[in-house]
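Chemist: Questions regarding the structure given below will be posed in turn.
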Amino acid sequence: MSEIFLKTNTLAKDQLEQYQAVRDNGAGLIDLSSRGRIIVAGSEAVMFLNGLITNDMKTLLEGQWMRAAFPNAQGRLIAAVRVIRLPDEPGESPRFLLDTEAATHKAVLKTTERFSLAGDFRVTDVTAETKMLSVQGKRSLAAVRAVLGDPISELRRDGAGVTRWNDIEVTVIRASHTAEDGFDVVVDLGHAEGIANELINTGALPVADETFETLRIEAGVARFGTDMDETNVVTETNLDDAVSFTKGCYIGQEIIARIKYRGHVAKKLTGLLFEGSKMAEPAAVIKSGEGKDIGRI
């Protein structure tokens, strides 16, 4: 658990209580600061990013976010990301926040930075100077609104905006990591603990990493290095909403399009339910009723 919660972990009494706070009628506070956060800006940002990712940057409006993937030339997954279009500032070029897992942070940074000298395309890694806190659960809106104000309630399900807390700029993204309603709050490093404490005072219960792992698996949120990796073609990873089949060319597009229009994937990530409470071991082989190998955990 992050240092933000070290003073408050006595409030997170056990994993069941944390789980129920998110799943029932409460709110849980999850520290997602280990994820990578990269700002991309410039008049040519849309063009450059459109050549690198699977989704269509031209359709992303100010104050919205979408999922996308960075594939390699063989259509295999480099990273899954969220692309947030930050509010435009008068006279400034479009700005985008790329949010990705810790395991793929360096890969995304390396992939984007190599284009920073090719045109008006600027890349800034803000991971170390910011924190990202997520409030998840049926009371997440009430908790975030109590701390950051009423305009938060106006955010649509794929919305993002910038507000102020104690004269500090805060980015808020309405997004779920648990299949419940939720909000991600990105704030500079020095003020993250203050916002975390205020969210806790509204009743949001700090959620440990182990509990969050259960919640995200139940929600079908894949994790790079655990559920998918660089050996998987993007279309195997169940990131269907992260791929546009109507946009122009991008790295790996030919392979990804060919699989969709001329064939099908041989395997695909999916959820699995078991009867009883036996633990499913990682990498365990799944067999059909006829004894054939049909997948793995």
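The values are calculated or read from the model by the stated rules, or taken from the named source; none is laboratory data. Not measured: the values here are computed from a predicted model. Here the Cβ is made from the backbone with ideal geometry for all residues, glycine too, and neighbour counts use every protein chain on show. Surface accessibility is based on the protein's heavy atoms, side chains included, excluding ligands, DNA and RNA. Shrake-Rupley method; radii C 1.70, N 1.55, O 1.52, S 1.80 Å.
Chemist: With both partners inside the chain, how many of the DSSP beta bridges are antiparallel, as a percent to the nearest 5? If you can, show how the numbers build up before the last one.
Modeler: Numbers: 48 of 51 bridges.
Of all bridge pairs located within the chain, approximately 95 percent are antiparallel.
Chemist: Can you work out ³J(HN,Hα) from phi for every residue in segment 242-250, in order, using Karplus 6.51 cos²θ - 1.76 cosθ + 1.60 and θ = phi - 60°, giving whole Hz and x for Gly and Pro?
Modeler: The phi angles translate into 9, 10, 9, 9, 10, 7, x, 5, 8 Hz.
Chemist: Under a straight-distance cross-link criterion of Cα-Cα below 28 Å, which lysines are reachable from Lys278, leaving out those fewer than 8 residues away in the same chain?
Modeler: Lys13, Lys267, Lys268, Lys287, Lys292
Chemist: With contacts defined as alpha carbon pairs under 8 Å and 6 or more residues apart, what's the relative contact order of segment 146-200 in percent?
Modeler: Across segment 146-200, relative contact order equals 26 percent.
Chemist: Right, something else. Rounded to the nearest 500, what is the chain's calculated 222 nm mean residue ellipticity when only DSSP H runs of at least 4 contribute -39500 (n - 2.57) each, over all residues?
Modeler: So the calculated ellipticity at 222 nm is -6000 deg cm²/dmol.
Chemist: Separate question: Which FRET efficiency, nearest 0.05, do Ala257 and Glu230 yield, Cβ-Cβ r, R0 25 Å?
Modeler: Values: r = 20 Å, r/R0 = 0.80.
With a Förster radius of 25 Å, E is 0.80.
Chemist: Here's another thing I want to ask about it. Might you tell me the accessible area per residue for the chain, computed with a 1.4 Å probe and given in Å²?
Modeler: Accessible surface, normalised per residue, equals 51 Å².
Chemist: Please give the charge dipole size of the chain, origin at the Cα centre, charges +1 on K and R Cβ atoms and -1 on D and E Cβ atoms. Round to the nearest 20 debye.
Modeler: On the way: 35 positive and 43 negative charges, 192 e Å.
Approximately 920 debye in magnitude.
Chemist: Given H placed 1.01 Å from N in the peptide plane, which residues other than close sequence neighbours of Arg223 have an amide H under 5 Å from its amide H?
Modeler: Those qualifying (amide H under 5 Å, at least 5 residues apart or on another chain) are Met228.
Chemist: So, by mean Cβ neighbours within 10 angstrom, what's the order for 252-260, 86-94 with the highest one leading?
Modeler: Result, highest mean Cβ count within 10 Å first: 252-260, 86-94.
Chemist: OK, next. Answer with a single label: of (i) 141; (ii) 120; (iii) 165, which was calculated as volume of the Cα convex hull per residue in Å³ from the structure in view?
Modeler: Correct label, based on the coordinates given: (i).
Chemist: Counting DSSP beta bridges with both partners in segment 161-297, what percentage is antiparallel, nearest 5?
Modeler: Antiparallel bridges: around 90 percent, rounded to the nearest 5.
Chemist: Another question, then. Under a 5 Å amide H to amide H cut-off, with H placed in plane at 1.01 Å, what residues pair with Lys138 once short-range neighbours are removed?
Modeler: Gly26
Chemist: In whole Hz, with x marking every Gly and Pro, tabulate ³J(HN,Hα) for segment 187-201 from phi via Karplus 6.51 cos²θ - 1.76 cosθ + 1.60, θ = phi - 60°.
Modeler: 9, 5, 3, x, 10, 5, 5, x, 5, 4, 5, 5, 5, 5, 5
Chemist: Normalising by the residue count of the chain, find the relative contact order in percent from Cα pairs under 8 Å and 6+ residues apart.
Modeler: Dividing the mean separation by the residue count of the chain yields 24 percent.
Chemist: Further question: Anyone know which of Asp125, Asp150, Asp181 comes out most mobile in the 10 Å Cα GNM of the chain?
Modeler: Ranking Asp125, Asp150, Asp181 by mean-square fluctuation puts Asp150 first.
Chemist: Here's something else I'd like to know. Probe radius 1.4 Å, ligands and nucleic acids left out: which of Met279, Met66, Met47, Met132 has the largest accessible area, and how do the rest follow?
Modeler: Numbers: Met279 140, Met66 20, Met47 115, Met132 0 Å².
So, going from the largest accessible area down, we get Met279, Met47, Met66, Met132.
Chemist: What residues qualify as long-range amide H neighbours of Ala179, i.e. H under 5 Å apart, gap of 5 or more or another chain, H built at 1.01 Å from N?
Modeler: Placed amide hydrogens put nothing under 5 Å from Ala179.
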